[in-house]
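Comments concern the structure below.
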Amino acid sequence: MAYSERIAPPWWLTPMNKVCMTVMRLGLIKDGPMVLTVPGRKSGKPRSTPIAPFTVNGRRYVVGGFPGADWVRNARAARTERVRMVEVPPDEARPLLHAFPTPVPTGVSWCGVLRVDPAS
């Protein structure tokens with residue numbers, strides 16, 4: 001399957017994301033997941049999604065969601081960013097995906113991986 005093909009997320013993902021974002025915004029979860037907000041690529045309106053950054057060998061990563069995830073497409077289209085996101089090629093992503101379930105046990109195997117570097 002080509003990376004550009006869209007895979008439908010599970011039916012429960014949208015309501016679960018809303019619950020997670022509410023819990024995080026209320027400060028009930030201090031470390032781990034966070035809410036990422038990027039402008040919509042067509043509307044320009046802020047779009048938020050929970051993400052779970054994790055560290056491997058001193059570098060921070062975030063799993064990009066199912067192929068073609070809207071937040072990933074919005075982040076690619078954004079002109080102003082507070083972090084630099086770099087798409088990782090499959091050979092580099094493989095060990096990261098193997099490591100992902102340990103720091104983020106709720107992770108899923110059908111996700112792409114993006115590296116997150118601090119903004120300069």
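Rundown of residues vs (1) outside any loop (DSSP other than H, G, I, E, B); (2) at pLDDT below 80, yes/no style:
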{"position": "VAL35", "(1), (2)": "yes, no"}
{"position": "SER48", "(1), (2)": "yes, no"}
{"position": "ASN74", "(1), (2)": "yes, no"}
{"position": "LEU97", "(1), (2)": "yes, yes"}
{"position": "PRO101", "(1), (2)": "no, yes"}
{"position": "SER109", "(1), (2)": "no, yes"}
{"position": "VAL113", "(1), (2)": "yes, yes"}
In this structure, does THR14 turn out to be loosely packed, with under 14 Cβ neighbours inside 10 Å, among the hydroxyl-bearing types (Ser, Thr, Tyr), modelled with pLDDT under 85 and in a helix (DSSP H, G or I)?
yes
How many of the residues in the range 54-67 are surrounded by 17 or more Cβ atoms within 10 Å (Cβ to Cβ) and assigned to a loop (DSSP other than H, G, I, E, B)?
1
SER4, sole failed condition from (1) loosely packed, with under 11 Cβ neighbours inside 10 Å; (2) modelled with pLDDT under 85; (3) closer than 25 Å to THR102 by Cα:
(3)
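The values are calculated or read from the model by the stated rules, or taken from the named source; none is laboratory data. Keep in mind it's a predicted model, so treat the numbers as computed, not measured. As a convention, Cβ positions derive from the backbone with ideal geometry for all residues, glycine included, and neighbour counts pool all protein chains shown.
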